[in-house]
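The values are calculated or read from the model by the stated rules, or taken from the named source; none is laboratory data. All values reported here derive from a predicted model rather than from experimental measurement. Positions of Cβ are generated from backbone atoms using ideal geometry, with glycine treated the same way; all protein chains shown enter the neighbour counts. These area figures cover heavy atoms from the full protein model, side chains too; ligands, DNA and RNA do not enter into them. Shrake-Rupley method; radii C 1.70, N 1.55, O 1.52, S 1.80 Å.
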Protein chains: 2
Amino acid sequence: MPRFDSFGLITAVAIDRASGRLLMLAHMNAEAIARTRETGLAHFWSRSRQALWMKGETSGHVLRVMEIRVDCDQDALELVVEAAGPACHTLAQSCFYRRIAPDGSLEPVEND
Amino acid sequence: MPRFDSFGLITAVAIDRASGRLLMLAHMNAEAIARTRETGLAHFWSRSRQALWMKGETSGHVLRVMEIRVDCDQDALELVVEAAGPACHTLAQSCFYRRIAPDGSLEPVEND
């Protein structure tokens, strides 16, 4: 059903159900979607490692997937999740913890 | 500063500042980022049309960009926006207006 790209992947973002905060962006293949739907825990495809991975498989910071939403042209997914801990490997709540300042440098997001 | 892919693109998602709702996912090149920062209005790169476009240039449903956030590995952007109208070309508030039902079909998201 999803429209995968030429690598068999679709972009997926995880949104925290309680806060609405964007937590992370990653990629899924058909197997990652199937495993996510089977287990209720977010699985992704690592393009750098060329391997399926479960978010939190080492850290324990899993993402429980309450809903999988699909966009209008079916080439992106939104995972509505409950996070068992920080979503980012830096231990920030969200991977998007910095913003572009007016001078072009990066500065911390205020609510982090 | 952003890490563009081999096509010179970076994935960007737009989040509604007031509701926290994920509105849309698209792609930006360096020029789209520059024009967005200059004008305060979201610009993207259309991969199908191979052209720069301003969101809302024909519909008037522009996205005012209040903040541009960058993720940990600098290969994705989060635009925190105020939307002047529906974000989706279908006139849904968000492009992510359907979800995968338990049987694998698509059903409307409840809060739409």
Problem set entry | Simple Cβ-charge dipole of the range B:1-94, Lys/Arg +1 and Asp/Glu -1, about Cα centre, in debye nearest 20 | 220 debye
Exercise. With no solvent and one point per C-alpha, what does the Debye sum give as log10 I(q)/I(0) for the protein assembly as shown at q = 0.10, 0.11 Å⁻¹?
Worked result: -0.41, -0.51
Seminar exercise, completed: Residues whose built amide H sits under 5 Å from the amide H of residue A:21, excluding neighbours closer than 5 in sequence, are A:16
Exercise. Which of A:100, A:68, A:15 moves most in a GNM of chain A, Cα contacts under 10 Å?
Worked result: A:100
For this session: State the percentage of accessible surface on the range A:35-76 attributable to carbon and sulfur atoms; use a 1.4 Å probe and exclude ligands, DNA and RNA.
Result: 43 percent
Exercise. Add -39500 (n - 2.57) for each DSSP H run of 4 or more in the protein assembly as shown, then divide by its residues: what number comes out at 222 nm, to the nearest 500 deg cm²/dmol?
Worked result: -2500 deg cm²/dmol
Seminar exercise, completed: Computed over chain A, protein heavy atoms only, probe 1.4 angstrom, the accessible area per residue in square angstrom equals 48 Å²
For this session: Nearest to the axis that maps chain A onto chain B: list the chain A residue whose Cβ wins, with the distance in whole angstrom.
Result: A:20, 1
Exercise. Over chain B, with a single point scatterer placed on each C-alpha, what log10 of the ratio I(q)/I(0) does the Debye formula yield at q = 0.10, 0.18, 0.22 1/Å?
Worked result: -0.30, -0.91, -1.22
Exercise. To the nearest 10 degrees, how steeply does helix A:30-39 sit against the main Cα axis of chain A, on a 0 to 90 scale?
Worked result: 80 degrees
Exercise. With every protein chain in place, what's the accessible area of residue A:41 (1.4 Å probe, Å², nearest 10)?
Worked result: 40 Å²
Exercise. Taking amide hydrogens as modeled 1.01 Å from N in the peptide plane, which residues meet the under 5 Å criterion relative to residue B:77, leaving out close sequence neighbours?
Worked result: B:11, B:12, B:13
Exercise. Using a Gaussian network model of chain B with C-alpha springs under 10 Å, which one of B:78, B:67, B:38 is most mobile by mean-square fluctuation?
Worked result: B:38
For this session: Check each residue of the range B:1-35 and keep those whose accessible area, probe 1.4 Å, is at least 40 Å² smaller with all protein chains in place than in the chain alone; give them in order of residue number.
Result: B:1, B:22, B:25
For this session: Nearest 100 Å² is fine: how much accessible area is buried between A and B, summed over both sides, with a 1.4 Å probe?
Result: 3100 Å²
For this session: Apply the Karplus parameterisation 6.51 cos²θ - 1.76 cosθ + 1.60, with θ equal to phi minus 60°, to every residue of the range A:2-12 and state each ³J(HN,Hα) to the nearest whole Hz, in sequence, with x for glycine and proline.
Result: x, 9, 6, 7, 5, 9, x, 10, 9, 6, 10
Problem set entry | Shortest-first distances to equivalent copies, position residue A:105, nm, label 7 Å out along Cβ | 5.6
For this session: Determine the relative contact order of the range B:10-65: mean sequence separation of Cα pairs under 8 Å and six or more apart, normalised by residue count, in whole percent.
Result: 24 percent
